[in-house]
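Inspection log for the structure reproduced underneath, given as structure tokens.
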RNA sequence: GGAGCCAUCGCCAAGUUGGUAAGGCCGUAGAUUGCAAAUCUGCUAUUCACCAGUUCGAGUCUGGUUGGCUCCUCCA
């Protein structure tokens, strides 16, 4: 298994801390608003990683956090008058249900910042005790970046005089311009804050992840976890700071491998809330089935930027349709075992830093070969069972193709339409039987107008929503 | 201004350690079909933004040019 490490900037052979086990930590969302396609892509990328490792026989422990203490959340509390808990639990629930719609498997551990305050406080205290962190007069706690000789190793950022951590929040008490806040003391009476030995306040963003990792993973004395993942925008400062905190607090490195996914772009620009060009998942899921979105968003390599377009999505649906048309031909039936060669191809493709394009190409070839075999020998039961097993394996490792094929082609069709379609098809069959082709063609046109396409097979007429 | 990523057929997109360009869509010819649709088969980049270099050999390495994107502020 080869994965690309974004710190060393090359593919490395995955060699976990504990043989046959993989520990992964993914930076999850800050829950103050709806998730957009960018969040989906990141989740999808690491879902693919987790599934791939599992398929290769690793026992995967996936941890994905929720940042539920944050300035933006507090702002939302002030704006809406709702409680912080109300807001965060609403967005967490929505996030989880949207991710489920995309076929993303739940993480084994889903910690929240509010539930990790003990670990956060302990880590900050440790850093203060070592004089790596310091408390200023306001009660804010800062990390002294000059104490960490490896600071900059993650993002390869060279030291400069500019205050890269905070252009807005200047304080003269910082020892170095690059120092960043571990803890922000509360300022007003109504602030949302928590008591600690050093001050009453709330955690900075970076420390949350470091503390949660230390809380949930033991590591091996050299690293805490195998893989740390997240969006490419988190490389600096978030992951740089996480790495520094953990290194200084624990004496060992945070993660053995770092993986970062590319962005979703709209018209060539990064999709982000601050740019206001977000395509929210809740809206996308109203328009398209989750499985198609999954297929499309995962169709290009996770490290590349992804330019979203509805036309491309439709083209990808066509490609997925082919898999389901083949599946229709295999029904009803029971899966046996997947073809060994095919299974190995997919495993090898994905073992190469998740080369999904190669895997999809191999799937297309499998589909064509299978259709050809079935054209020549429609009754080959053993082959049908094996092919069905191939599709089950695709679903296992890539997370699509698992639906019942007839219902796949009827997504969005209500019972009334379904009944109408079936009546029309029967009438058309009757007309065909009487060789009344002008009538049967007229019925076909009527169906087309309803958005239904039909196909005659030896076993009868099948229909799909086009 | 500093750091980095990317540039492959009309469109999307792969290309292990340099060895002679996957796959999908579209198009096209055919098989099949009452006609379609679906399915299958054939064809569809002597060429990888541009220029120079290293090499027996480069899309793949080096240097430069142009264009696009990202990070340096919250961000998946």
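Given axes a ≥ b ≥ c from the Cα gyration tensor, I'd like to know whether chain A is rounded (a/c under 1.5), prolate (a/b larger than b/c) or oblate.
Here chain A falls in the prolate category.
If you average the alpha carbon positions of region A:94-163 and of region A:1-25, how far apart do those two centres end up, in angstrom?
Region A:94-163 and region A:1-25 have Cα centres spaced 22 Å from each other.
As I understand it, the value is the acute angle between the Cα axis of helix A:381-398 and the longest principal axis of the Cα atoms of chain A; what does it come to in degrees, rounded to 10?
20
Taking the 0 to 90 degree range and rounding to the nearest ten, how far is the long axis of helix A:71-80 tilted relative to the main principal axis of chain A, both from C-alpha atoms?
Taking Cα atoms only, the helix is inclined about 70 degrees.
As a test of the formula, what do you get for chain A when each DSSP H run with n ≥ 4 contributes -39,500 (n - 2.57) and the sum is divided by the residue count, at 222 nm and rounded to the nearest 500 deg cm²/dmol?
-14000 deg cm²/dmol
Ranked highest first by the average count of other Cβ atoms within 10 Å around their residues, in what order do A:101-111, A:448-458 fall?
A:101-111, A:448-458
If you average the alpha carbon positions of region A:321-364 and of region A:69-90, how far apart do those two centres end up, in angstrom?
Taking the Cα centre of region A:69-90 as reference, the centre of region A:321-364 is 44 Å away.
Against the longest alpha carbon principal axis of chain A, how many degrees, from 0 to 90 and to the nearest 10, is the axis of helix A:310-330 turned?
Roughly 60 degrees between the two axes.
Take the alpha carbon atoms of region A:411-466, find their center, do the same for region A:256-312, and report the distance between the two centers in whole angstrom.
36
Sort A:138-150, A:225-237 by the packing proxy (mean of other Cβ within 10 Å over each peptide's residues), most packed first.
Put in order of decreasing packing, that is A:225-237, A:138-150.
Read-outs: derived from the displayed coordinates by stated rules, not from any lab. Bear in mind that the values here come from a model prediction, so they are computed numbers and not experimental data. All Cβ positions, glycine included, derive from the backbone under ideal geometry; neighbour counts span all protein chains shown.
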